[in-house]
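Visitor: Below is a structure I'd like to ask you about.
The values are calculated or read from the model by the stated rules, or taken from the named source; none is laboratory data. What you see is a predicted model, and the numbers here were worked out from it, not measured in a lab. So basically every Cβ, Gly included, is an ideal-geometry build from the backbone, and we count neighbours across all protein chains shown. The area values use the complete protein model at the heavy-atom level, side chains included, leaving out ligands, DNA and RNA. Shrake-Rupley method; radii C 1.70, N 1.55, O 1.52, S 1.80 Å.
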Amino acid sequence: MAVPTTASATTTTMNDIPDVILSNIFASISDTRTQNSFSLVNRKFLTLERATRTSLTLRGNTRDLYMVPTCFISVTDLDLSLLSPWGHSLLAFLAPSDPLLLAHRLGVEFPLVRSLTVYARSPSTFQIMLLQWPRLSRVKLVRWHQRPSSPHLGANFVSLFEHCKGLTCLDLSNFYYWTEDLPSILQVYSDFSKSLTCLDLLTVSLTDGFKAHEIQAITAACANLTKFLVACMFDPSYLGFIGDETLLAIVANCPKLSVLHLVDTSSLGNTRNDPEDEGCTGEDARISITGLVDFFLRLPLLEELVLCVCKNVRDSAVALEALNSRCPRLKMLRLEHFHGICMAVESQLDGVALCSGL
């Protein structure tokens, strides 16, 4: 027998969710593939996803201005480093009558940008692109081509330092330059240097890394750093190697550090260690246990520490005890070629600890 039916029941779908709630959902998704999948559901999802996306990487030919998207109104993190012709100045293939055309178009379509990644083969890129976003807080420079010749050290960075007064984060990890360029220009533009809280100099293209006196000059100029990553050299056979003096200078100059990465340039390559060497190298680093203890004692805010020394640091158990007791916020630790971490109960650990005041 047929069951009598009343008025047809309404069906609730995703389209019935208020746009405000959907916008919050889309804004909380950071994975690009997931964002793109949402945008393919229907036109409403496409519009909301495009309007809430905050991070975007542009690809394509710089001459095709009509291809610049107009729907990403909320983008704050913009990556222009993959635009083609790759490696050339962004304006190299535009009409010479209007060299600001591309920069102006990008500034209009992405007015909220605070974080910019750009392939900067020449300083002219700074002069043109940075004017569109005077309130940038983070800049990442990319360049694998040869550094332009200039009679003045640091000339590559002048435009950046002059136009980005409020910059707090500078990433040079994928930027080819000379290590001599940076200390001098940071000292000249002292107000800019003092505003920096994050400085990434973990540049893989550097062969010898930053020398000790350069690191001391950089940290002295950037006294408010909370995050400092740098490629350097711990090998005592090289001039400017990193030892106790440099470690103590870093923490004395930058007492607010919470993230510190000191990485020997030899560890940035793909070299394979000898499986028979038991983790030891042919030479010891010039880092003493007393120096390490003093180093850790001055880092009370430390949350992340990487020390890739690539030379032996022996009998480090006492120093690591100091690290454990004096850096309670530590969440991530990476050490390379630190030896003597585990010691027998009846060893000299207690006597050494007492002498160190731990």
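Visitor: For the subset of segment 345-358 comprising residues that are of a type outside the set (Ser, Thr, Tyr) and open to solvent by less than 70 Å² (accessible area, probe 1.4 Å), which member is modelled with the lowest pLDDT?
Guide: This residue is 357.
Visitor: Then there is this: Of the residues that sit in segment 228-244 and are touching a helix residue (DSSP H, G or I) at 6+ places or on another chain (Cβ under 8 Å), of a type outside the set (A, V, I, L, M) and over 17 Å from residue 302 (Cβ atoms), which one is surrounded by the most Cβ atoms within 10 Å (Cβ to Cβ)?
Guide: Across segment 228-244, the extreme among qualifying residues is 232.
Visitor: Still on this structure, please answer the following. With the structure loaded, tell me whether residue 127 is open to solvent by 40 Å² or more (accessible area, probe 1.4 Å), outside any loop (DSSP other than H, G, I, E, B), modelled with pLDDT under 80 and of a type outside the set (Asp, Glu) or whether it fails that test.
Guide: Yes; evaluated as a whole, the condition is true for this residue.
Visitor: How about segment 268-310: which of its residues are closer than 23 Å to residue 240 by Cβ, modelled with pLDDT of 90 or more and part of a strand (DSSP E or B)?
Guide: 305, 306, 307, 308, 309
Visitor: Going through segment 311-328 one residue at a time, which ones are under 23 Å from the mean Cα position of the chain (by Cα) and outside any loop (DSSP other than H, G, I, E, B)?
Guide: Selection gives nothing.
Visitor: Same structure, new question: Tell me which of these residue 86 doesn't satisfy, since it passes every other one: (1) under 24 Å from residue 174 (Cα atoms); (2) at pLDDT 80 or above; (3) hydrophobic (A, V, I, L, M, F, W, C).
Guide: (2)
Visitor: While we're here: Report yes if some residue within segment 178-189 is modelled with pLDDT under 90 and part of a loop (DSSP other than H, G, I, E, B); otherwise report no.
Guide: Yes, because at least one residue in segment 178-189 is modelled with pLDDT under 90 and part of a loop (DSSP other than H, G, I, E, B).
Visitor: Could you grab me the full set of residues in segment 96-124 that are hydroxyl-bearing (Ser, Thr, Tyr) and either touching a Cys at 6+ places or on another chain (Cβ under 9 Å) or open to solvent by less than 70 Å² (accessible area, probe 1.4 Å) (or both)?
Guide: 115, 117, 119, 122, 124
Visitor: Can you tell which of 225, 248 is at pLDDT 95 or above, on the phi < 0 side of the Ramachandran plot and either open to solvent by 40 Å² or more (accessible area, probe 1.4 Å) or not in a loop (DSSP other than H, G, I, E, B) (or both)?
Guide: Exactly one of 225, 248 is at pLDDT 95 or above, on the phi < 0 side of the Ramachandran plot and either open to solvent by 40 Å² or more (accessible area, probe 1.4 Å) or not in a loop (DSSP other than H, G, I, E, B) (or both), namely 248.
Visitor: Please go through segment 130-164 and give me each residue that is more than 16 Å from residue 198 (Cβ to Cβ), touching a residue at least 24 places away in the same chain (Cβ under 8 Å) and in a loop (DSSP other than H, G, I, E, B), ordered by number.
Guide: 133, 134, 135, 144, 145, 146, 147, 148, 153, 154, listed by residue number.
Quick grid of which residues meet (1) modelled with pLDDT of 80 or more; (2) in contact with a Ser or Thr (Cβ under 9 Å, 6 or more places away or on another chain); (3) under 30 Å from residue 101 (Cβ atoms):
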position	(1), (2), (3)
8	no, no, no
36	no, no, yes
40	no, no, no
51	yes, yes, yes
